[in-house]
Amino acid sequence: MPVITFANTKGGAGKTTAVLLLATELARLGFRVSVLDADPQHWITRWHENSQGVFGNRLSVVPYVTMGTIDRQLADEKARADFVLIDLPGSRSSLLAKAVGHSDYVLIPVQGSAMDAQGGANVIELLQYLEDKADIRIRHSVVLTRVNSMVTTRAMHAVKDLLAARRVHLLQTPIIERSAFRDIFGCGGTLYTMDARRVSNLDKAQENARALALEVLQQIPAALRPTGAERLRSVA
Ligand SMILES: Nc1ncnc2c1ncn2[C@@H]1O[C@H](COP(=O)(O)OP(=O)(O)OP(=O)(O)O)[C@@H](O)[C@H]1O
Ligand SMILES: [Mg+2]
């Protein structure tokens, strides 16, 4: 079943947040999801421990992922999940090439700043290298993260122009800066178990996560899409 890796060699780009949003949203849509947590900060593992079996065995997290274990872990999780998501560290690591090489789709979260675009460019260069040297083509997209809901900044325009010039696919759905996306790591649970009276714009955060998941589903090659995905797309 499809493997989706989240990669940007710059720390803090929003990888872990994007993984959690997609994992919970796909599980909510009824898919079995497994997350390989290769982020040394283990945010997803901690969130899962805090979330009291949310989604039951539809959502599982593999807490320790190393170069020595990833092949076996991926094979196991692919056999039992509809989607396997990999959360990578925010630095150049040997896991990057390995995880990317195993992926059906790579998502590159990029904040609307030039620094972050460089971290994303490192991943795009690796994908280009695999294509040129080994004829391995891996579908990939950039997703803009921490986007201000009110204004489109100049830096954001610069990132968009850069991507267009390099012909890199950009998801139409950006991940907006929302307190719900921060708080969820502290309180555990999902965007649907949070208290709307205490978290501002929770409905907008839910809408954003749903739009992201539906757009990602459309990016997965049809032959790999788990059953049910077509039906979900038609209700989008
Ligand atoms: N859309 C968002 N809205 C609000 N806060 C966000 C959003 N995306 C990320 N953050 C916050 O920015 C910080 C970095 O995000 P995150 O941990 O997801 O990045 P990362 O790329 O996984 O980092 P690392 O490279 O260190 O693993 C965190 O404090 C997170 O809560
Ligand atoms: Mg992270």
**Message:** As a test, work out the antiparallel percent of DSSP beta bridges whose residues both lie in the stretch 103-236, rounded to the nearest 5.
**Reply:** 0 percent
**Message:** Could you sort the peptides 149-160, 196-207 by per-residue average Cβ neighbour count (10 Å cutoff), highest mean leading?
**Reply:** 196-207, 149-160
**Asked** Using the C-alpha gyration tensor of the chain, what are the square roots of 5 times its eigenvalues, in whole angstrom, with the largest one first?
**Response** 24, 23, 17
**Fill in**
When the charge dipole of the stretch 3-219 is computed with +1 on Lys and Arg Cβ and -1 on Asp and Glu Cβ about the Cα centre, the Cα farthest towards its positive end, among THR66, SER94, THR45, belongs to THR45
**Asked** Cα centroid distance between the stretch 123-169 and the stretch 27-97, in Å?
**Response** 24 Å
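Mind putting a number on the dipole of the chain about its Cα centre? Charges go on the C-beta only, +1 for Lys and Arg and -1 for Asp and Glu, and I need it in Debye to the nearest 20. The partial results should precede the final answer.
Details: 28 positive and 23 negative charges, 58 e Å.
In debye, rounded to 20, the chain gives about 280.
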**Complete:** Taking protein heavy atoms only, a 1.4 Å probe, and rounding to whole percent, the accessible area of the chain owed to carbon and sulfur comes out at 50 percent
**Student exercise, the stretch 78-117 dipole from Lys, Arg, Asp, Glu Cβ charges, in Debye to nearest 20** = 200 debye
**Cross-link pairs beyond the 23 Å C-alpha cut-off, checked among LYS15/LYS204; LYS98/LYS160; LYS10/LYS160; LYS10/LYS98; LYS10/LYS204** = LYS98/LYS160; LYS10/LYS204
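Where only protein heavy atoms count, and the probe is 1.4 Å, what is the accessible area per residue for the chain in Å²?
Values: 11300 Å² over 236 residues.
For the chain, the solvent-accessible area averages 48 Å² per residue.
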**Request:** Would you kindly state how much longer the chain becomes between ARG46 and ASP71 on full extension, computed as 0.36 nm times their sequence separation minus their alpha carbon distance, in nm to one decimal?
**Result:** 6.7 nm
**Item:** Extreme residue, positive dipole direction of the chain, given options THR5, THR227, LEU127 (C-beta unit charges)
**Value:** THR227
**Request:** Step through the residues of the stretch 36-53 one at a time and calculate ³J(HN,Hα) from phi using the Karplus curve (6.51 cos²θ - 1.76 cosθ + 1.60, θ = phi - 60°), rounding each to whole Hz and writing x for Gly and Pro.
**Result:** 8, 8, 9, 7, x, 7, 6, 4, 5, 4, 5, 4, 5, 5, 7, 9, 6, x
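The values are calculated or read from the model by the stated rules, or taken from the named source; none is laboratory data. Remember, predicted model here, so these are calculated numbers, not experimental data. Ideal geometry is used to build each Cβ from the backbone, glycine not excepted, and the neighbour counts take in all protein chains shown. Keep in mind that these areas ignore ligands, DNA and RNA; they rest on the heavy atoms of the full protein, side chains included. Shrake-Rupley method; radii C 1.70, N 1.55, O 1.52, S 1.80 Å.
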